[in-house]
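Each reported figure results from applying straightforward, stated rules to the coordinates on display, with no laboratory input. Since this is a predicted model, take the numbers as computed values, not measurements. Here the Cβ positions follow ideal geometry from the backbone for every residue, glycine too, while neighbour counts run over all protein chains shown.
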Amino acid sequence: MTVTVNGQPWELPDGATVADVLHRLGAPARGVAVALDGAVVPRAQWAHTPLAVGASVDVVTAVQGG
Amino acid sequence: MADDPLIIAGREFGSRLILGTGGADNLAVLERALLAAQTELTTVAIRRMDTGSRTGVLDVLMRHGIEPLPNTAGCRSAAEAVLTAQLGAEALQTSWVKLEVIADDHTLLPDPIELLDAAEQLVEAGFTVLPYTNDDPVLARRLADVGCAAVMPLGSPIGTGLGIRNPHNIEMIVAQATVPVVLDAGIGTASEAAQAMELGCDAVLLATAVTRAEDPPRMAEAMRLAVQAGRHARLAGRIPRRFWAQASSPDRR
C-alpha cells in the first residue's frame, strides 16, 4: 500500500504500523513525535496504530531554531 | 542574583537570559555560547525528520541540564501552531511552548488574530504558553487574559538586530503586566539587552545576536552580563532625567 511519509510516497506492506515507519526512518529513541493525518499519535500507541492506504504520516524532531 | 529568580508559571530560573539555538553553523560553538550565557531555558524548533535540519542540539542541551523549550516557528495559522505545539510536547515531554504564529516571510511579525486563537486553545489544552507577540500593549493584555504564562513582545523583527524600536510600548506592556514580560527578538548587541531589563522586562530571549556574532561565546557572555546589569539598574532605580546640570561636588564658595 502507498502512504505519505513527510510528504514523500512510501510503499509499505499491508498492516504496517506507525512504529514500522519510525524504524525505517532510523528515528532516534528520544526527541521524536508523530502525527497521523494531522493528529498526534502518542509514543505508546506507535506499535498499535496501523496505517490505512493513503495515510499521511509526519515524523518530527527537535532542531536548532528560535 | 540567586535571590532574584525569574518565575514563570511557578517555576524558578536563576538566569534571566533565554537563548534560541537558530542560526548557529557549528554545534560546538553553540555549546560554548550556551555555557557562557549560563542560560537554563533554550528554544528549539520542531521540524520533519527528513529535511536535513540541524539536529543534535537536543543532546547538547541535555548534556548541560538546559531545559529545551519547543517553539512553533514557521507556523502561519492557529491550527498549524496548535498541532506543532502538541508534537513538540510529545517529542520533548514538556507542556511548555514558545508560541509563534507569523504573518509573512519578510517581516516575520506575529499574526495577532491567529496568535490569540492558538494561545487560547493551547491554554485550554493545559499548555504553559509563552507567546511571541507584537509590541502591542493591548494584545499583550489579551494574551495574559486568556491565560498565557508570560508575554514575549518583540523589540524589532526577528533577526534584524534593530534593537528596541518602541521602548514606550515595552514600558506600557510592563506597567500593566500580570505575567512576566520577556523581550523576544530584535536584540543586536549587549546594550539593547540591558535596555530591555531597564525598561522592566523580566527576561530577554535572543538567538541571532549570539549565534551570528563573530564570536558567539563572547557575545553570549556579554549578553549574560548585560541582562544582569540591566536588572540591577532597574531594581536600583535610575535618577530622573534633568535638563540642566547638577553639580555632584560641593560648592567652592
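Those residues that are facing chain B (nearest Cβ under 9 Å) and either part of a loop (DSSP other than H, G, I, E, B) or over 12 Å from residue A:55 (Cβ atoms) (or both), I need them from segment A:1-13; list them, please.
Within segment A:1-13, A:6, A:7, A:8 meet the criteria.
Go through (1) away from chain A (no Cβ under 14 Å); (2) among the β-branched types (Val, Ile, Thr); (3) in contact with a Pro (Cβ under 7 Å, 6 or more places away or on another chain) and name the single condition residue B:102 misses.
Going through (1) away from chain A (no Cβ under 14 Å); (2) among the β-branched types (Val, Ile, Thr); (3) in contact with a Pro (Cβ under 7 Å, 6 or more places away or on another chain) one by one, residue B:102 breaks only (1).
If you take the residues of segment A:14-66 that are in a loop (DSSP other than H, G, I, E, B) and either among the hydroxyl-bearing types (Ser, Thr, Tyr) or in contact with a helix residue (DSSP H, G or I) (Cβ under 8 Å, 6 or more places away or on another chain) (or both), which of them is farthest from residue B:61 (Cα to Cα)?
Result: A:51.
For segment B:56-75, does any single residue satisfy the condition of being at negative phi, facing chain A (nearest Cβ under 10 Å), surrounded by fewer than 16 Cβ atoms within 10 Å (Cβ to Cβ) and without any contact (Cβ under 8 Å) to a residue 24 or more places away in the chain?
yes
Looking at this structure, is residue B:165 of a type in the set (D, E, K, R) and under 21 Å from residue B:204 (Cβ atoms)?
The answer is yes for residue B:165.
Just for segment B:88-99: of the residues that are surrounded by fewer than 24 Cβ atoms within 10 Å (Cβ to Cβ) and at the interface with chain A (Cβ under 9 Å from one of its Cβ atoms), which one is nearest to the chain's Cα centre (by Cα)?
Among them, the one singled out is B:89.
Report yes if residue B:192 is crowded, with 23+ Cβ neighbours inside 10 Å and either out of contact with any Cys (no Cβ under 8 Å at 6 or more places or on another chain) or closer than 30 Å to residue B:120 by Cα (or both), otherwise no.
Against the criterion (crowded, with 23+ Cβ neighbours inside 10 Å and either out of contact with any Cys (no Cβ under 8 Å at 6 or more places or on another chain) or closer than 30 Å to residue B:120 by Cα (or both)), residue B:192 qualifies.
Looking at B:78, B:119, which is the one that is under 18 Å from the mean Cα position of the chain (by Cα), more than 19 Å from residue B:208 (Cβ to Cβ) and away from chain A (no Cβ under 13 Å)?
When all the criteria are applied, what remains is B:119.
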